[in-house]
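Engineer: This is the structure, below, for whatever I ask next.
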Amino acid sequence: MALAASAGVYFTSAYLRANHEKVQRLRNAKRKYRELLADLAECKGVLNYFDKELAPRAQALASASDDTADGKPDLETRKRELLAIGEQVLRLMEKIDGIAPALVVEAAGLEPWSEHDRELTQKAVRAGLEQVFDLAGDVRAIRKSLIQKAERRAKRVDALKASLNAEACEPSL
């Protein structure tokens with residue numbers, strides 16, 4: 001009878017230790033997930049700022065005539081301002097690129113490449129950590145969307161720079 005009771009206590013404590021470890025790993029992954037989501041939300045805010053403030057400014061710079069008499073900037077000033085806007089988009093793309101979904105997996109105490117290795121994935125699923133891969137997938141999808149949007153903005157700025165450079169090469173009459 002005492003042997004059965006001690007075995008029951010042993011197995012219960014082993015279960016509770018394993019469950020506690022799993023809960024801690026999931027909490028760490030969720031904490032990192034929230035941090036990365038906050039970074040992605042900040043990047044989304046910068047993209048919205050670009051759409052509302054910088055894109056119209058870049059368009060105005062590219063389409064403005066080279067007339068400094070009525071207070072409009074000359075061609076070189078317009079080029080510099082357009083380059084600065086392009087630099088802001090580039091910095092945003094670098095920031096988005098620095099947000100790695102593998103950080104969520106790593107925060108759970110798993111190897112960062114474990115979602116690409118079948119054995120490691122199965123081991124994590126058996127340990128009850130399949131939710132970690134869902135969180136990493138969410139970060140990956142949001143990140144991909146933001147990168148695509150930032151690339152479109154960068155292409156738009158590059159096209160405006162090209163049109164401004166073409167304007168600079170045209171002979172004035």
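Engineer: Relative contact order (percent) for the range 99-149, with alpha-carbon contacts under 8 angstrom and 6 or more residues of separation? Present the calculation step by step, with values, prior to reporting the outcome.
Structural biologist: Numbers: 28 pairs, mean separation 21.1, N = 51.
Once normalised by length, the contact order is 41 percent.
Engineer: Output the 0 to 90 degree angle, nearest 10, between the alpha-carbon long axis of helix 2-49 and the longest principal axis computed from the alpha carbons of the chain.
Structural biologist: In the chain, helix 2-49 runs at an angle near 0 degrees to the longest axis.
Engineer: Say R0 is 41 Å: what FRET efficiency, to the nearest 0.05, do Thr121 and Arg57 get from their beta-carbon distance?
Structural biologist: Working: r = 47 Å, r/R0 = 1.15.
Efficiency, from the Cβ-Cβ distance: 0.30.
Engineer: Under a plain spin-label model, where a point goes 7 Å from the Cα along Cα-to-Cβ, how far apart in nm are Asp158 and Arg27?
Structural biologist: Taking the simple label geometry, Asp158 and Arg27 are separated by 4.7 nm.
Engineer: Stretched out fully, how many nm does the piece from Ala7 to Gln148 gain, at 0.36 nm a residue minus the Cα gap?
Structural biologist: Details: separation 141, 0.36 × 141 = 50.76 nm, distance 5.71 nm.
The Ala7-Gln148 span can extend by a further 45.1 nm.
Engineer: Find the centroid of the Cα atoms in the range 102-123 and in the range 1-71, then give the distance between the two in whole Å.
Structural biologist: Rounded to whole Å, the Cα centres lie 17 Å apart.
Engineer: Can you match Cα extents along the principal axes in Å to one of these, (1) 44, 34, 33; (2) 61, 43, 40; (3) 106, 29, 16, based on a calculation from the structure here?
Structural biologist: So the structure-derived entry is (3).
Engineer: So what are the ³J(HN,Hα) numbers for the range 149-154, from phi and the Karplus equation (6.51, -1.76, 1.60; θ = phi - 60°), rounded to whole Hz, Gly and Pro as x?
Structural biologist: Residue by residue, the range 149-154 yields 5, 5, 5, 4, 5, 5 Hz.
Engineer: How much accessible area per residue does the range 31-173 have, counting only protein heavy atoms and a probe of 1.4 Å, in square angstrom? Before the final figure, lay out the partial values.
Structural biologist: Details: 8670 Å² over 143 residues.
Ligands and nucleic acids excluded, the figure is 61 Å² per residue.
Engineer: Which three lengths, in whole Å and largest first, does the range 40-140 cover when its Cα atoms are put on their principal axes?
Structural biologist: The Cα atoms of the range 40-140 stretch 73, 20, 17 Å along their principal axes.
Engineer: For Leu75 and Tyr49, what is the calculated FRET efficiency with R₀ set at 22 Å and r taken between the beta-carbons, to the nearest 0.05? Can you show the working numbers first?
Structural biologist: Values: r = 26 Å, r/R0 = 1.19.
Efficiency for this residue pair is about 0.25.
Engineer: Additional query: Using helices alone, I'd like the mean residue ellipticity at 222 nm for the chain: each DSSP H run of four-plus residues gives -39500 (n - 2.57), total over residue count, nearest 500. Could the numbers behind the result be given before it?
Structural biologist: Working: 6 runs with 135 residues, N = 173.
So the calculated ellipticity at 222 nm is -27500 deg cm²/dmol.
Engineer: Same structure, new question: Taking only Cα atoms and a 10 Å spring cutoff, compute GNM fluctuations for the chain and point out the largest among Arg25, Arg126, Arg78.
Structural biologist: For the chain, modelled as a Gaussian network with Cα springs under 10 Å, the answer is Arg126.
Engineer: Once the Cα atoms of helix 75-97 and of the chain are each reduced to a long axis, what angle between those two axes, in degrees from 0 to 90 to the nearest 10, is obtained?
Structural biologist: 10 degrees
Engineer: Which of Thr77, Thr12, Thr121 ends up with the largest GNM mean-square fluctuation for the chain, with Cα atoms connected below 10 Å?
Structural biologist: Thr12
Engineer: Sequence-distant or interchain residues sharing an amide H contact under 5 Å with Ala127, placed H: which?
Structural biologist: none
The values are calculated or read from the model by the stated rules, or taken from the named source; none is laboratory data. This is a predicted model, so every value here is computed, not measured. Because the Cβ atoms are built from the backbone with ideal geometry, glycine has one as well, and the counts that use them run over all protein chains shown. SASA here: full protein model, heavy atoms, side chains in, ligands and nucleic acids out. Shrake-Rupley method; radii C 1.70, N 1.55, O 1.52, S 1.80 Å.
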